[in-house]
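Have a look at the structure below before the remarks.
The values are calculated or read from the model by the stated rules, or taken from the named source; none is laboratory data. As the structure is a computational prediction, the values presented were derived from the model and not from experiment. Please note: Cβ atoms are built from the backbone with ideal geometry, for glycine as well, and neighbour counts cover all protein chains shown. Note: accessible area is taken over every heavy atom of the protein model, side chains too, but ligands, DNA and RNA are not part of it. Shrake-Rupley method; radii C 1.70, N 1.55, O 1.52, S 1.80 Å.
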Amino acid sequence: MINIPKGTKDVLPKDSYKWQYVEKIARDTANSFAVNEIRTPTFEHTEVFLRGVGETTDIVNKEMYTFMDKGDRSITLKPEGTAGVARSFVENGLYAGTLPAKLFYISPCFRYERPQAGRLREFHQFGVEVLGSTLPNSDAETIILAKTFLEKLGVKNVTLYINSIGCPECRKKYAEALKTYMSDNYDKLCDLCKDRLVKNPMRVLDCKNPECNKLTANAPSILDYICEDCKNHFESVQKLLKIAGVEFKINPNIVRGLDYYTKTVFEFVSENIGVQSTVCGGGRYDKLIAEFGGPDTPGIGFAVGIERLILMLDNLGVEIPNENKVKIYLAPMGEKESEKAFELVCELRKNGVVAETDHVGRGIKAQFKYADKIGAEFVGVIGSFELEKGVVKLKNMKDGQEMEVVFSSLVDAVKNA
Ligand code: ATP
Ligand code: MG
């Protein structure tokens, strides 16, 4: 037997309906906010993520699946969705089209991490990116889209945390303050944070090491260092969220993983999935498109981890509707009856009815068992008596009621049942 690679998962038929449902709600929610789908490749030139994620992030430092292809190019499997979208936005000149460009994607992502519940090496994200608006209402709208999506799925017990990490100007001042504050404890920081403190000090706040968390617990708050413009922007975002009736908490320690975030950052954190509690993260990235050689174009977006989301729904006991139920199973009792059942199943399917029949020559009892297992709503028995009379003996599997239906009315009878 060959095993699945560490940190990857099969989605088996008993669970795949959950994925289909979550993805459908994602698409419907995005569409209802006038957001259109974009599909970018699963792999990119490594450079895309060096630029678009940033060289001081955990993703770039530790987590990328990078390899040389047979043409000696450095290729990386996408660890997140934003960088590829930014590359595509610039390469395809979308900045010259209708703005804002409101985009969404559902995509696999790859990160070399230590696998645990809700943390995989291949996982999936539903993400939204809005490019071309500096106004705080696009921040608020994007946050509300994420919240609407979670609510439509029946997610409860999530808290929305927001923060502003200002612009590069504000950050310079804050970085100095943070460096000064941390200087006494520099030796106690983990090696990565020592490096961060030099290259991108704010990222020490995002460290997963509990020792570092203790040291930064009372660090100065970025919110005391942001400029007038960033402050006004942050206040407007809060005002709009209040208008929309969206509850939130301000958490100055949220800085997010990526280097090119500016101003608003946010996370939806669940109380239900244990250690990996952040189900959605996002923020504004006004410097990213220019980083890819495009004209200065502001952006804001988020990504939800679908595995974590489904884990959360399972833990909450939220029932996800299975929309793939079989409507009718036709149970023939002989060879001739089988041919008729085959013909009727074709007819039912042509008319949009989910129908199934025997494929292994089971006896009638076993066929009923099978029909029950696949969740068939009706079973239509065709024995020699029925065949001669031109009818199906239709049994409603829920209430046990039976009736005879002539072959020619079967489609209508089942459709209207
Ligand atoms: P974490 O702090 O948990 O490592 P992150 O900041 O690295 O998260 P993002 O880059 O913001 O995560 O990705 C957005 C979302 O994608 C996360 O909130 C999470 O739901 C999901 N996600 C990230 N990494 C993984 C992973 N390795 N396995 C499963 N889901 C993940
Ligand atoms: Mg991570």
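What full-extension length gain, to one decimal in nm, is calculated for residue 28 and residue 232 as 0.36 nm per residue of separation minus the Cα-Cα distance?
Result for the pair: 70.2 nm of gain on full extension.
Here the spin labels are modelled as points 7 Å beyond Cα on the Cα-Cβ line, and at residue 372 and residue 134 they lie 6.8 nm apart. Largest GNM mean-square fluctuation across 290, 303, 86, computed for the chain with C-alpha springs under 10 Å, falls on 290. Here the gap between residue 9 and residue 114, fully extended at 0.36 nm per residue and compared with their Cα-Cα distance, gives a gain of 36.4 nm.
Listed cross-link partners 24/239; 173/287; 18/373; 62/208; 147/325; 350/415 are compared with a 24 Å cut-off, the Cα-Cα value being larger for 24/239; 147/325. What would the Debye equation give as log₁₀ I(q)/I(0) for segment 328-415 at q = 0.15 Å⁻¹, counting only Cα atoms as equal point scatterers? Computed log10 I(q)/I(0) values: -0.46. Against the longest alpha carbon principal axis of the chain, how many degrees, from 0 to 90 and to the nearest 10, is the axis of helix 168-182 turned? Tilt relative to the chain: about 80 degrees.
Solvent-accessible surface of the chain, averaged per residue with a 1.4 angstrom probe and all protein chains in place: 50 square angstrom. When both segment 122-175 and segment 374-417 are represented by their alpha-carbon centers, they are found 52 Å apart. Remark: spin-label model distance residue 347-residue 315 equals 5.2 nm, labels positioned 7 Å along the Cα→Cβ axis.
Heavy-atom surface analysis with a 1.4 Å probe gives segment 328-415 a carbon and sulfur content of 50 percent of its accessible area.
Relative to the longest principal axis of the Cα atoms of the chain, the long axis of helix 228-243 lies at roughly 30 degrees.
Extension gain, residue 20 to residue 403: 0.36 nm times the residue separation minus the Cα-Cα distance gives 134.4 nm. Taking the chain as a Gaussian network of alpha-carbon nodes connected by springs under 10 Å, the highest mean-square fluctuation of the residues 223, 288, 215 belongs to 215.
Karplus-based coupling profile of segment 386-394, in residue order and whole Hz: 5, 4, 5, 7, x, 9, 10, 8, 8, with θ = phi - 60° in 6.51 cos²θ - 1.76 cosθ + 1.60 and x standing for Gly or Pro.
Protection proxy ranking for 109-117, 292-300, using the average of other Cβ atoms within 10 Å per residue and placing the highest first: 292-300, 109-117.
Which semi-axes, in whole Å and largest first, does the equivalent ellipsoid of the chain have when worked out from the alpha carbon gyration tensor as the square roots of 5 times its eigenvalues? Let's see the in-between values first.
Working: eigenvalues 561, 99, 87 Å².
Square roots of five times the eigenvalues give 53, 22, 21 Å.
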